[in-house]
Amino acid sequence: MFYWKGSLIAVAMISGSVWAQDSFIVRFNLNEGMKTYLRANEFDITGINYKTNEIEALLTEAELAQISSQKSAVIKFSFPQNLAVAPDEGYKNPEEILEFVNDIHAKYPDITSIKVVGKTLEGRDILALKISDNPTVDEAEPAILVNAMHHAREVMTPEITTDMVEYLTENYGRTDEVTKWVNETAIWVIPMFNLDGNNKMWTENSMWRKNTRNGHGVDINRNYPTGWNSCNGSSASTSAQDYRGTAAASEPETQAMMNLVSSIKPVFNISYHSYSEIVIYPFGCRPRKTPTTEAVELIGAEIGKKIDYKPGTAWELLYNADGGDIDWMYTEHQVIPFVIEVNSTSQGFHPSYDKWRDKTVLRNRPGWMHLFARLNGPSLQGVVDAKDYQTIKILKAGTSQELQTYKINPNGSFYIILKAGTYDFSFEGTKTKKLSNVDVSKKVDVKF
C-alpha cells in the first residue's frame, strides 16, 4: 500500500501495473467519501468490491496527483499487479461473434433466426439471435432479452451470452426444462452490442469503453432518453468515459436497442457488464425507486443470491447513472430489467481466459435461468382482444390503492410479474372487466 499526500509518485512505481496509453488502474479503500469524490470529478471508476471494501479507477498520473493532493486526509492506494494489461486472445472480437451467430443458426435452423437490429457508425451489423420453437413467427408468448457489451472493454460479457446460446440450443430436445423454455418463450440474445468500440479496444486501446463517434466516442449506456443528463450521472465532456453524447438516443446502437425492445416488448432483460459482482435494477438517479419495487427488487435479490452478487440500484451500489438502458426499458416498455456486473477486482476487465472464463459463465448461469423460472412464478398472464382492452390497473385487494397501470401489448398479450399476494385487476379500454381478490401465489392465466 502506498501513502501519498501531495508528492508525485515515481513512474517506475507503476511499471507492470494495468495501463492503457497514459492511464493505469489504481485501487483505493472503499468509503462513501472516496466514491463520491471520484464520481464528482468524473474519474473513470472501473469497479467496486464490497467483500474486500475496495474501489478502483482508471487514472492518469496527473489525476492521481490531484486525488492525493487533498488536504483532508492521507490517501491510501495501491496498484493491483494481478490484473492483465490487455485482453486474452481467447475472448471474442466482432468478426468471431459474427461467425459464432452464423454457425449457431446453421447448426440449429429450426429453433434460431438472425435479425439485424441496426448498423454501427462503422457499418457493422448489430445482430440479435432469436431462439424459439417457431423462430420466424411472432407468437403471443413472453419474451426475454439478454445483451452484452454496451462497454467495449468488458470482454467477459459476450462469453455469458454465447454460453447461454450454446446451452439452450444444445439442450433443446434433450432436457425437459430447456425444451419448455424454448417452446414457451421468445428468447432474444445480442451477443455483442458495441462492435465498433470492441474493435478499437482490440486494435488501439485496451481500456476503450465507448463507441467510436468522431474518434472520441459516446458512452452508449448514458445515451438512452429516460433521465438523460438529469442527475450528474454522465458527462458533457467528449474525453470522459461516460460522455453522454450531444442528445438522447443520438447513437445508432442506442436506436437499435430501442427499436428492438419496442418491437419485442420483453418481460425481462439482462444487460451484462463488468466488473463488480453486483446486480443493478432501476433507477440510476438518487433517490428514485421503481413503482413496482416489490417485484423488481425481489427478483434482483433472488438473482443476487443465486450468483452471490450484491443487489441494488446504481446510486446505492456505485453512483448516479443517467441515460441507462434499464431505466428506459422499465419506463417506456414496463420491462423488468437488470444490469449484472460480472467478475471482481481480482479479475478486472481482462481476466485470464483459461482461468476465469468457464468459472464465470457457470457462476452466472443460475442468474439468467432464474428469469425462466420467474415467468412461471407469481404473475398474471394471458391474451385479450386488444380492440377492447388497452390497460390493466392493478390494486391491492379490497382497496383503492393502485399499484401499477400495465399497458397491454398490441397483440393483446400481457405478462404482469408480481410479488406473491392477493390483488384486484381492472381491464380497461372500450370495455371494462374486473377481477377481484385474485390469489397470485403462482402463475395465473387469464383469457376472455
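Every number in this text was worked out from the coordinates using simple rules, so none of it is lab data. Fair warning: this is a prediction, and the values are worked out from it, not measured in the lab. No Cβ is skipped: glycine too gets one built from the backbone with ideal geometry, and neighbour counts run over all protein chains shown.
Take the Cα of residue 443, step 7 Å along the line toward its Cβ, and report every residue of segment 264-297 whose backbone nitrogen sits under 12 Å from that point. Once the point is set 7 Å along Cα→Cβ of residue 443, nothing inside segment 264-297 turns out to lie under 12 Å by backbone N.
Between residue 32 and residue 203, full extension at 0.36 nm per residue minus the direct alpha carbon distance yields a gain of 58.0 nm. For segment 341-448, the alpha-carbon coordinates run over 59, 28, 20 Å along the three principal axes, in decreasing order. Close amide H contacts of residue 429 (hydrogens built in the peptide plane, cut-off under 5 Å, sequence separation of 5 or more or a different chain): 390. Residues 98, 129, arranged from fewest to most other Cβ atoms within 10 angstrom of their Cβ, appear as 98, 129. How large is log10 of I(q)/I(0) for segment 215-288 at q = 0.11, 0.18, 0.25 Å⁻¹ when the intensity is taken from the Debye formula with one equal scatterer per alpha-carbon? Ignoring solvent entirely, the Cα scatterers give -0.31, -0.85, -1.34.
Which of the GluC sites (Glu not before Pro) found in segment 168-214 are loop residues per DSSP with 12 or fewer other Cβ atoms within 10 Å of their Cβ? Working shown, then result.
Values: sites: 170, 177, 184, 204; in loops: 204.
Of the GluC sites (Glu not before Pro), the ones in loops of segment 168-214 whose Cβ has at most 12 other Cβ atoms within 10 Å are 204.
On C-alpha positions alone, give me the angle between the axis of helix 353-375 and the longest principal axis of the chain, in degrees, nearest 10. The angle comes out at about 30 degrees. Cα axis of helix 157-171 to longest principal axis of the chain: angle in degrees, 0 to 90, nearest 10? Computed tilt is about 40 degrees. Extension gain for residue 247 to residue 262 (0.36 nm times residue separation, less C-alpha to C-alpha distance): 3.4 nm. Normalised by 2.2 N^0.38 Å, where N is the number of residues, the alpha-carbon radius of gyration of the chain equals 1.00. Full extension of the chain between residue 355 and residue 177 gives 61.1 nm of extra length, using 0.36 nm per residue less the Cα-Cα distance.
What's the local net charge at residue 51, with K and R +1, D and E -1, over the other residues with C-beta under 12 Å away? Mind showing how you got there, number by number?
Numbers: positive: 310; negative: 54, 277, 308.
Within the 12 Å Cβ shell, the charges total -2.
Could you tell me how many degrees, from 0 to 90 and to the nearest 10, lie between the Cα long axis of helix 94-107 and the main elongation axis, the longest principal axis, of the Cα atoms of the chain? With rounding to tens, the tilt is 30 degrees. Rounded if a/c is under 1.5, else prolate if a/b beats b/c, else oblate: with a ≥ b ≥ c from the C-alpha gyration tensor eigenvalues square-rooted, which is segment 180-255? Judged from the Cα gyration tensor, segment 180-255 comes out oblate (a/c at least 1.5, b/c at or above a/b).
For the chain, give the share of DSSP beta bridges that are antiparallel, in percent and rounded to the nearest 5; count only bridges with both residues there.
Expressed as a percentage, antiparallel bridges in the chain total about 65.
Figure legend: label point modelled 7 angstrom from the Cα of residue 407 along Cα→Cβ; residues of segment 416-434 with amide N under 16 Å from it are 416, 428-429.
The ranking of 35, 443 by Cβ neighbour count inside 10 Å, starting from the fewest, reads 443, 35.
Phi angles across segment 271-284 convert, under the Karplus curve 6.51 cos²θ - 1.76 cosθ + 1.60 with θ = phi - 60°, into 3J(HN,Hα) values of 9, 8, 9, 8, 10, 2, 6, 9, 10, 10, 10, x, 10, x Hz, Gly and Pro given as x. For the chain, the mean residue ellipticity at 222 nm estimated from helices alone is -9000 deg cm²/dmol, where every DSSP H run of n ≥ 4 contributes -39500 (n - 2.57) and the total is divided by all residues, rounded to the nearest 500.
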